[in-house]
Number of protein chains: 2
Amino acid sequence: MKTFEHDDLNNLEHRYRARLINSLSGFKSANLIGSQDADGQLNLAIVSSVVHLGANPPLIGLIMRPNSVPRHTFSNITETGLFTVNQVSAEFWQAAHQTSARYAQEQSEFDLVGLSAEFLADFDAPFVGESQLKYGVKLIDIKPIEANNTEFIIGEIQQIHVAENALRADGYLDIETIETVAISGLDSYHVTQRLSRLSYAKPDKPVSNLTLDGQQSAPFDGQFAIVEN
Amino acid sequence: MKTFEHDDLNNLEHRYRARLINSLSGFKSANLIGSQDADGQLNLAIVSSVVHLGANPPLIGLIMRPNSVPRHTFSNITETGLFTVNQVSAEFWQAAHQTSARYAQEQSEFDLVGLSAEFLADFDAPFVGESQLKYGVKLIDIKPIEANNTEFIIGEIQQIHVAENALRADGYLDIETIETVAISGLDSYHVTQRLSRLSYAKPDKPVSNLTLDGQQSAPFDGQFAIVEN
């Protein structure tokens, strides 16, 4: 094992440190945030920080750096209170990455990278036509993170649009089927291969595999020991 | 496409909604949080909400529900100010999932699920011996999220321990090589297959593939159009 102690971290060249630290959280979600300003100028930006906050009410969070890319997204969200989240798939991952270039405010990344803006179900922010799982979000709160001048954006999900073939019987969305990608570090993109869904863990018995529709299938083969409670 | 409008979401059966909403953020990181209380009672809990906050200072965040699992982790972190983050790999993903069972405070999930507690480099919280990428974190701040009574925990990375074969020349950690898993929904686990690393995006040229060590390799084949700036 290689160890970096506190002093080592302080002394790393800054781009090396950025790549290293960005790799630590594990696989990250790949989403395009669609927004528009009060004049209807569209914006699209890839983010890797969308995180589930809760199901009832349905909330998500994401981190933004107002003084960095995607700064136009941040100003649009605060101006209109609305944005869309569009999962990135293996069909358009390079175009999604290209949205991170520093385009001018009056330019629409939709046009520049070749993705389609679409408006759905009376929601006043642009969705990505190519995305197979997308939802409209209303801004609820912004928490300033003083430690590094970032902002934690909290939004409530207003409507969901998803490819029929991803929706499973118990509400689980099979995002592997629609080839949603994952990000590692700053710039690496990955498709996935499912190990299994697992049953809800209880103290007194080992977990078992679930089918894609959430039905119990085979119990485990004893690869790890569960001490009886 | 299947659409869920606002009223549809409100009317979903609660477990169905939990599975649906938990699937929206995309692939999530799989990490075990190691902690101990003031008496040295160890705790280990899987979380899927660890998110990168910034590289300088090196910060991560995670969401916790103090009134739910992993409540012991939350109380340990507030009590001691320290915890570890340990990436979950394909070698022990089922054991990691099993830590989400509601064990009693006086029980150590390390023992119960069969993972090894180890103490490294004078850091006063337990690491997972089996994990190939793990780091010690100091609590910096807690932001209450009033919208659903969760807490956003902010921590500074103090030390990193990583398998030598994952560390690439430019600081990127190849977490696919060490078989770090990703989570989708509440209970699905996935390994990954890299598409590519991509070059830093600039407005006036298409992105290109990078090697694992961050070197420029082939430019793109024109799958998507970049309009000149």
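For the range A:192-205, enumerate the residues that are part of a loop (DSSP other than H, G, I, E, B) and more than 7 Å from chain B (Cβ to nearest Cβ).
The answer is A:S199, A:Y200, A:D204.
Take the range A:159-191 and flag every residue that is within 8 Å of another protein chain (Cβ to nearest Cβ), touching a residue at least 60 places away in the same chain (Cβ under 8 Å) and assigned to a strand (DSSP E or B).
A:T180, A:A182, A:S184, A:Y189, A:H190, A:V191
Taking the condition of being more than 7 Å from chain B (Cβ to nearest Cβ), surrounded by fewer than 21 Cβ atoms within 10 Å (Cβ to Cβ) and in a loop (DSSP other than H, G, I, E, B), how many residues in the range A:68-122 meet it?
Within the range A:68-122, residues that are more than 7 Å from chain B (Cβ to nearest Cβ), surrounded by fewer than 21 Cβ atoms within 10 Å (Cβ to Cβ) and in a loop (DSSP other than H, G, I, E, B) number 13.
Return the residue satisfying two criteria in turn: it lies in the range B:138-156 and is facing chain A (nearest Cβ under 7 Å) and more than 20 Å from A:I157 (Cα to Cα), and of such residues it is surrounded by the fewest Cβ atoms within 10 Å (Cβ to Cβ).
By that ranking, first place goes to B:D141.
Mind listing whichever residues of the range A:165-200 are over 16 Å from the mean Cα position of the chain (by Cα), crowded, with 20+ Cβ neighbours inside 10 Å and among the aromatic types (F, W, Y)?
A:Y172 - this is the single residue of the range A:165-200 that is over 16 Å from the mean Cα position of the chain (by Cα), crowded, with 20+ Cβ neighbours inside 10 Å and among the aromatic types (F, W, Y).
I'm trying to understand the selection: among the residues of the range A:124-151, which are within 23 Å of B:H52 (Cβ to Cβ) and in a loop (DSSP other than H, G, I, E, B)?
Correct list: A:S131, A:E146, A:A147, A:N148, A:N149.
Which condition does A:D39 not pass, out of (1) more than 9 Å from chain B (Cβ to nearest Cβ); (2) in a helix (DSSP H, G or I), if it passes all the others?
For A:D39, the failing item is (2).
Taking the range B:84-115 as the region of interest, how many residues are among the aromatic types (F, W, Y) and either in contact with a helix residue (DSSP H, G or I) (Cβ under 7 Å, 6 or more places away or on another chain) or not assigned by TED's automatic domain parsing to the domain that holds B:I178 (or both)?
Going through the range B:84-115 one residue at a time, the tally reaches 1.
Can you tell me which residues in the range A:167-198 are among the aromatic types (F, W, Y) and within 16 Å of A:S89 (Cβ to Cβ)?
Matches in the range A:167-198: A:Y189 only.
Residues A:I46, A:I60: which one is closer than 14 Å to A:L186 by Cβ and not in a loop (DSSP other than H, G, I, E, B)?
Every option except A:I46 fails the conditions.
Here is a check on your reading of the model: is B:R65 surrounded by fewer than 24 Cβ atoms within 10 Å (Cβ to Cβ), closer than 28 Å to A:E146 by Cβ, within 11 Å of chain A (Cβ to nearest Cβ) and among the charged types (D, E, K, R)?
Judged against the criteria, B:R65 is a match.
Please state which of the following conditions B:L53 fails to meet, knowing it meets all the rest: (1) of a type in the set (A, V, I, L, M, F, W, C); (2) more than 7 Å from every other protein chain (Cβ to nearest Cβ); (3) touching a Leu at 6+ places or on another chain (Cβ under 7 Å); (4) in a strand (DSSP E or B).
(2)
Go through the range A:119-141 and report how many residues are under 15 Å from A:V47 (Cβ atoms) and of a type in the set (F, W, Y).
Residues meeting the conditions: 1.
Within the range B:11-36, take every residue that is touching a residue at least 24 places away in the same chain (Cβ under 8 Å) and in a loop (DSSP other than H, G, I, E, B) and give me the one that is farthest from the other protein chains (Cβ to nearest Cβ).
B:A30
What number of residues in the range B:118-153 are in contact with a strand residue (DSSP E or B) (Cβ under 6 Å, 6 or more places away or on another chain), modelled with pLDDT of 95 or more and either closer than 26 Å to B:D39 by Cβ or of a type in the set (D, E) (or both)?
Adding up the residues that qualify gives 21.
Of the conditions (1) at pLDDT below 95; (2) under 23 Å from B:E5 (Cα atoms), A:H72 fails just one. Which one is it?
(2)
The values are calculated or read from the model by the stated rules, or taken from the named source; none is laboratory data. Note that the structure is predicted; figures quoted are calculated from it, not measured. Glycine also receives a Cβ, built like all others from the backbone with ideal geometry; neighbour counts cover every protein chain displayed.
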